[in-house]
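The values are calculated or read from the model by the stated rules, or taken from the named source; none is laboratory data. The model shown is predicted, which means the values in this text are computed figures rather than measured ones. Here the Cβ positions follow ideal geometry from the backbone for every residue, glycine too, while neighbour counts run over all protein chains shown. All accessible areas refer to the heavy atoms of the entire protein, side chains included, with ligands and DNA or RNA removed. Shrake-Rupley method; radii C 1.70, N 1.55, O 1.52, S 1.80 Å.
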Amino acid sequence: MQHIVLGSSSPTRAEILKAHGIAFIQRECGFDEEQLCISEPAHFVYHATKGKMQSYLEHYDLELPVLCADTVVTANREILRKAKNVEDARRILTLQSGNTVSILTCMMYKSKTFELIDLSATHYLFRPFDKASLEAYLQGEEWKGKAGACMVEGFCKSYIKEVVGLQSTAMGLSIEKLIPFLSHS
């Protein structure tokens, strides 16, 4: 099987590719999404992914097809970024408690002859979070470095009431949408 390049340092995206038997090498693309001043979630995730791809192509050629992606967590149309500290994590998680949370993932896959751009969303309706469980979670380290301060396969899992969309999208890579296109490059 032909290798691809995962233009991301995400261990979760790497695990998704491994789990589906996709041969890849991983390279950081060097794009800082914090420089974007875009508040609309779909526009933000698209421009962050586009920035990652452009940054990658400035540093490397397309000797292998490259895959870049970005994911945002939203509630009440607010982008829930990575929490800066425990108080910010508490605020972000409180917004999600008993609410619908949308996770948007944009991916761009590019070879010398083919380009795929996909923007997908998975929506979760959460039951209200138990306050004691939330505080215990906040005292740990798992929320650090996570968009929305949690992962749906982690703390939030037991509070999921309803899901519309692909779990892989929520994890950061819509693999089911990517696989059919891998043979085109």
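With charges set only on the Cβ (+1 for Lys and Arg, -1 for Asp and Glu), what does the dipole of the chain come to about its Cα centre, in debye to the nearest 20? All intermediate terms of the calculation are to be shown ahead of the outcome.
Values: 20 positive and 22 negative charges, 64 e Å.
With only Lys, Arg, Asp and Glu charged at Cβ, the dipole is about 300 debye.
Cα extents for the chain along the principal axes, largest to smallest and rounded to whole angstrom: 52, 31, 27. Multiplying the residue separation of Val163 and Lys50 by 0.36 nm and subtracting their alpha-carbon distance yields 37.9 nm. Rounded to 0.05, the FRET efficiency of the Arg91 and Tyr60 pair, given R0 = 41 Å and the Cβ-Cβ distance, is 0.60. In the stretch 69-185, Cα pairs under 8 Å separated by at least six residues give a relative contact order of 32 percent. Here the Gaussian network model covers the chain, with springs between Cα atoms less than 10 Å apart; of His47, His123, His20, His20 fluctuates the most. What's the center-to-center distance, using Cα atoms, between the stretch 94-113 and the stretch 34-75 in Å? The stretch 94-113 and the stretch 34-75 have Cα centres spaced 12 Å from each other. Seen from Lys112, the other residues with C-beta closer than 12 Å to its C-beta sum to a net charge of -2, counting Lys and Arg as +1 and Asp and Glu as -1. Taking 16 Å as the straight-line reach from the Cα of Lys144, the aspartates and glutamates in range (excluding those fewer than 8 positions away in the same chain) are Glu87, Asp88, Glu135, Glu153. Gain on full extension, evaluated as 0.36 nm per residue between Glu141 and Phe114 minus their Cα-Cα distance, stands at 5.7 nm.
If the segment from Ala14 to Gln26 were pulled out straight at 0.36 nm per residue, it would be longer than the present Cα-Cα gap by 3.6 nm. Ellipticity at 222 nm from helices only: DSSP H runs of n ≥ 4 in the chain, each -39500 (n - 2.57), divided by the residue count, give -9000 deg cm²/dmol.
Summing charges over neighbours of Thr94, with a neighbour being any other residue whose Cβ is under 13 Å away from its Cβ, gives -2 when K and R count +1 and D and E count -1. Farthest toward the positive end of the dipole of the stretch 42-185, out of Leu178, Gln167, Trp143, is the Cα of Trp143, where the dipole comes from beta carbon charges about the Cα centre.
Kindly state, to the nearest 0.05, the FRET efficiency for His3 paired with Gln35, given R0 = 22 Å and r defined as their beta-carbon distance.
Numbers: r = 30 Å, r/R0 = 1.37.
Computed FRET efficiency for His3 and Gln35 comes out at 0.15.
When the charge dipole of the chain is built from unit charges on Cβ atoms (+1 for Lys and Arg, -1 for Asp and Glu) and taken about the Cα centre, the candidate among Pro11, Met53, Val152 whose Cα reaches farthest toward its positive end is Val152. On average, how much accessible surface per residue is there in the chain, in Å², for a 1.4 Å probe, leaving out ligands, DNA and RNA? Normalised by residue count, the accessible surface of the chain is 50 Å². Please find, in a Gaussian network model of the chain (springs between Cα atoms separated by less than 10 Å), the residue of Gln26, Gln139, Gln96 whose mean-square fluctuation is greatest. Between Gln26, Gln139, Gln96, it is Gln139 that shows the largest mean-square fluctuation.
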